[in-house]
Structures are given as C-alpha cells and as structure tokens.
Amino acid sequence: MSNASILFLSVRVLHVLLAALWVGATAFASLIVMPAIEESGPAAGPVMAGLMRRRVPMIMATLGGVTALAGIWLYWRFTGGFNPELSRTMAARVFGAGGASGILAVIIGGAVVSRNVKKAAALTPRATSLPDGPERAAVTAQISAMRRRAMVASRIVLLLQIIAVVLMAIGHYV
C-alpha cells in the first residue's frame, strides 16, 4: 500500500471517528445535559463549573474543528484539488453540502453555544453570592437566558450535524 493511500485512509478514519464523537457528544449535551441543567436552576452552578474545569467547550471545539479540517482535506482530494469540473459532479455536490453543514455547525457551536455557556458559567458565582432580591433575580434571569440560547443553538448544531452525516453517508451513491 502506498504512503498516499495510508495517509488518505488515516485521515478518513480520523474524520469519521471524530465526527461520531462530536455528534454523540452534541446529542448528549443538547438533549440530556443542558435540559437537566436548566431544570436545576441555581443548583446548576457546580455542574457548570465542573464542565468548565473539564474544558468541555474546548473539547467540543476541537472535535468539530479537526473533523471539519479533515473533511476539507478529503473533499480537496476527492475533487482533485477543488477542480471545478469534478466539483460539479453530484457526489461532490452532496459531499460539499454535507461539509458546508458541518462547517456551519462548527461556527454556530463556537459563536453561540460555547460563548453563552462560558458567559453563564462566569456569571453563576456572582448570582450565588448576591442576597435574595431584585439584583440576584436579574442576574439569574440573564444566566437562564444564556443557557436557553445555548440549548436552542446546540439543537441547531445537532440538526446540522445530522444533515452532514446523512449527506456523507450517501455521497458515493448518488
């Protein structure tokens, strides 16, 4: 087997494995963890702090970013260096649409989900240190709004990931 074939297969395996981890982690976070955090209200602070200590936003960004970069390289190889003639084939268009969906998922994940989760986690100690009253209620409402934005955006990310996975799965067969 040639070095080029080994490189191609290695990048493809990396792309598929990281995508599986990224989609699974997004599904778990957006469908199970985030709703549980939202339901727990102010008691969610220690859980959010634990997620931040474990660098969950950075891990998710790394999974998405490396998956996207590997996918771009695979698409470049598939289209012969982004050759316009090869890029117009149905398979290339399907892979390209899946890639665009995945890249959009990375962008929304970083710009909306991660940013709101980090902001909410940073505000939580302030809210818990305030005495009961209007100021604490305002900060708590702000944190809740950030968590809700992150949850809605994470479900959009999950939908985009599912679209990407489906298109990647059928790309060679259309």
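Throughout, read-outs are computed from the coordinates displayed, never taken from laboratory work. Please read all numbers here as calculations on a predicted model, not as lab measurements. Neighbour counts run over all protein chains shown; Cβ positions are idealised from the backbone, glycine included.
Key figures
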| read-out | value |
| --- | --- |
| Whole-number percent relative contact order across region 3-173, with pairs defined as alpha carbons under 8 Å at least 6 apart | 32 |
| Label-point gap, in nm, between ALA20 and GLU38 - each point 7 angstrom along Cα→Cβ | 3.0 |
| Neighbour net charge for GLU38 - beta-carbon separation under 14 angstrom, K R +1, D E -1 | +3 |
| Chain lengthening between THR89 and LYS118 when straightened (0.36 nm per residue, less Cα-Cα) | 6.3 nm |
| Debye intensity ratio in log₁₀ form over the Cα atoms of region 3-173, taken at each q of 0.16, 0.19 Å⁻¹ | -0.88, -1.12 |
| Full-extension gain in nm, THR62 to THR128, via 0.36 nm per residue minus C-alpha separation | 20.7 nm |
| Alpha carbon centroid spacing (whole Å) that separates region 46-79 from region 1-27 | 13 |
| Nitroxide proxy distance, nm - points 7 Å out along Cα→Cβ at ALA4 and TRP76 | 1.5 |
